[in-house]
1. Collect residues whose amide H, placed 1.01 Å from N in the peptide plane, falls under 5 Å from the amide H of R139; neighbours closer than 5 in sequence don't count.
2. Taking the Cα atoms of the stretch 40-137 alone, what are Rg (to one decimal) and Dmax (as a whole number) in Å?
Amino acid sequence: MPVEPRQDDARQAGQDEAVTPAAAPGRPTVATRKPGGPVPAKIRKALGRYRISAFVVGWGLILLVLAMVLKYGFDMGQFVAIWGPIHGVLYVAYVLLAFDLAYKDRWSFVGILGVLLAGVVPGVSFLAERRVHRRVLARLPI
């Protein structure tokens, strides 16, 4: 009675590729991200949320700077007292949404740090959002 070779024997003989946990179906890896390839739906949705938060935080930071000018230049501190905490909450949301996108798209530590710091300098979040948007859609590493 002939015996069929087991799957383990075939792998050892080099006839079949072993599936590693990192390459398991449904779990994206950096190796599967091909430039110009399709963007998964979960990354596309996270990118949309990040873009909105970057826009809101960018304008919120500009308003905070204007409120600080009013406070220190014209002794009108009530604007900072109102807008400062609101901007703080908006920035926390920006950080969480940036981490969400970074986790789903597997960004590098330097890429995450750069995006988070971009939300601190007035106007830079607009530039960072544009760069992130282009690189994510092109499937390039960040």
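What follows draws every value from the coordinates through simple rules; no lab data is involved. Here the structure is a predicted model, which is why all the values come from computation and not from measurement.
1. G36
2. Rg then Dmax for the stretch 40-137, in Å: 14.7, 51.
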